[in-house]
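K.L.:
This is the structure, below, for whatever I ask next.
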Amino acid sequence: MPVFKAPRGTRDILPEEACYWDWVTSVSKNLCRNYGYGRIETPMFEATGLFSRGVGEGTDIVEKEMYTFEDRGGSSLTLRPEGTAPVCRAYIEHGMASLPQPVRVYYLAPAFRYERPQAGRMRQHHQFGCEVIGDASALIDAEVISLAWQFFEKLGLRKLTLKLNSIGCDKCRPGYIETLKAYYEPRIEKLCDDCAVRMKKNPLRLLDCKESACQYMADNAPRSADCLCPECLEHFNSLKGYLDLAGLEYDVTHRLVRGLDYYTRTVFEIQPESTGSQSTIGGGGRYDRLIEQIGGRPTPAIGFAAGIERIILNLKDQNVCVPGTGSARILIAHTGEEARSEAFSVYSALQCSGIGAIIGAEGKSLKAQLRQANNLDMKMVVIIGPEEMEEEAVVVRDLETGTQKKIDRRLLADALSAFRINISG
RNA sequence: GUGAGUGUAGCCCAGUGGUCUAAGGCGCCAGGUUGUGGCCCUGGAGAUCGAGGGUUCAAAUCCCUCCACUCACCCCA
């Protein structure tokens, strides 16, 4: 018999960790409601071409990280490696261009990338993301960035920094890349092996090399923000103005570039102080060309995504208290066959009136049932045995004080309320 | 895809060739109170020692391969 394990890079979310997931999802939903974002969920897989065209042929995601397979009908499909391209596909497919613009949506969804797993890096991970489609203004950039920041604030995460940059548009970026190449060309001998490859393949990525020799060169390299065309410069400046108005602190990090090809103008990342080598818990940027690249009319847009597993790592790291997951706090114990049936009736009645409870295990001693109640952190035990059957009564025992009293069966629901049972706590 | 480290019950771990039919702690189950939890005492269940192969009279222990986890690189959430 083979022993089955969760596949590499995947993880079970167990009940003991569920409170963190509930916390992250409830914060994100409440926040999005306040910001006027509607929920969207796209399929877990899409036509492969959506990603190769949208994310970019040359990116690591497309080149070596996608879960691509052929279905029985011969179509090439890919497990969603990121959330933005599918949302744009849905925007086009459902004619959302004819809704009032911009369209604001958010999602909570798994993403799949075939990578070497590490702490904070899974083959299946979950993202909270939001996208605003159909508005090119810097005001919307500021909105998305402040939503992202608020999200982490409300979660209770501290010691985060917001990194911001502008990488220009189709008009000014080619010129910037030439400037960058011209800067690196005479220094090519000093570059590390990886950077020699980047020089040819994706010069922008030269900027975020971690080799110390390259770092120095990157620090002193020409900055994209200094090479922006007038429109991009204006956009970047007004964004910074809005962020100042919102009281958001940001570091303009000229070496911030991102690994997906579709970004234009604004890019940003939110980084925790440090959790291993995973330095980003959320990031995003503007992607004004993506929608036309996948077949829509030219439509500006901006988005943001955060990794839920990484958020949870940081919540634990920072000892953030999250609300407990609501759970039954009453156990109905019973001894004897007759009492068992009665216990089940009581149990059903409580459930019907919305009072959470669990029923004691059949065939276990009263002692065992009480021990179980204690181990499960129950607040209250209702005891029904032959004696109570005789008297049409039940015993209600408060496990915290150790006191109990016998009451008339019909008064049970009232009595439980009188004990101020907190069934959610 | 590259490099390094680790792998003994649900969890933490002892054990570095024979005394290991693998020890201890937490947790779980049960008894001590034949209708009462927590503390205490006692007992029990639970391990093909990550998997497969090899060396040896003898392997948890040495060697090889694979798998997984962790860390770093790469990249990203």
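K.L.:
Could you check what % of the DSSP bridge pairs in region A:330-418 are antiparallel, to the nearest 5?
P.N.:
Approximately 55 percent, going by the DSSP bridge assignments.
K.L.:
Evaluate the relative contact order of region A:330-418 (contact order divided by residue number), counting alpha-carbon pairs under 8 angstrom at least 6 apart; express in whole percent.
P.N.:
Contact order relative to length: 29 percent.
K.L.:
Evaluate the charge dipole of region A:330-418 about its Cα centre and quote only its size in Debye, nearest 20, assuming +1 on the Cβ of each Lys and Arg and -1 on the Cβ of each Asp and Glu.
P.N.:
The dipole magnitude comes to about 320 debye.
K.L.:
Dipole size in debye (nearest 20) for chain A around its Cα centre, Lys and Arg Cβ +1, Asp and Glu Cβ -1?
P.N.:
So the magnitude is around 580 debye.
K.L.:
Can you give me the relative contact order of region A:175-325 as a percent, contacts being Cα pairs under 8 Å and 6 or more apart?
P.N.:
Over region A:175-325, the number comes to 14 percent.
K.L.:
If we sort A:193-202, A:19-28, A:139-148 on the protection proxy, mean other Cβ atoms within 10 Å, highest first, what's the order?
P.N.:
A:139-148, A:19-28, A:193-202
K.L.:
Enter the angle in degrees (range 0 to 90, nearest 10) between the Cα long axis of helix A:337-352 and the first principal axis of the Cα atoms of chain A, meaning the one along which they spread out most.
P.N.:
40 degrees
K.L.:
Over the Cα atoms of region A:253-339, Rg to Rh with Kirkwood Rh, two decimal places?
P.N.:
Computed over Cα atoms, the ratio is 1.35.
K.L.:
In chain A, how does Rg compare with the Kirkwood Rh, expressed as the Rg/Rh ratio over alpha carbon atoms?
P.N.:
Radius of gyration over Kirkwood radius for chain A works out to 1.12.
K.L.:
Here's something else I'd like to know. Nearest 10 degrees is fine. How inclined is helix A:84-93 to the longest principal axis of chain A, computing both from alpha carbons?
P.N.:
Tilt relative to chain A: about 90 degrees.
K.L.:
Follow-up question, since we're still on this one. What number, rounded to the nearest 500 deg cm²/dmol, is the helix-based mean residue ellipticity at 222 nm of chain A, given -39500 (n - 2.57) per DSSP H run of at least four residues and division by all its residues?
P.N.:
Rounded to the nearest 500, the figure is -11000 deg cm²/dmol.
K.L.:
Please tell me which of these pairs span more than 20 angstrom C-alpha to C-alpha: A:201/A:240; A:367/A:406; A:154/A:240; A:64/A:190?
P.N.:
A:201/A:240; A:154/A:240; A:64/A:190
Rule-based calculations on the coordinates, nothing more; no lab input. Remember, it's a predicted structure, so these values are computed and weren't measured experimentally. Cβ atoms come from the backbone with ideal geometry, glycine included; neighbour counts cover every protein chain shown.
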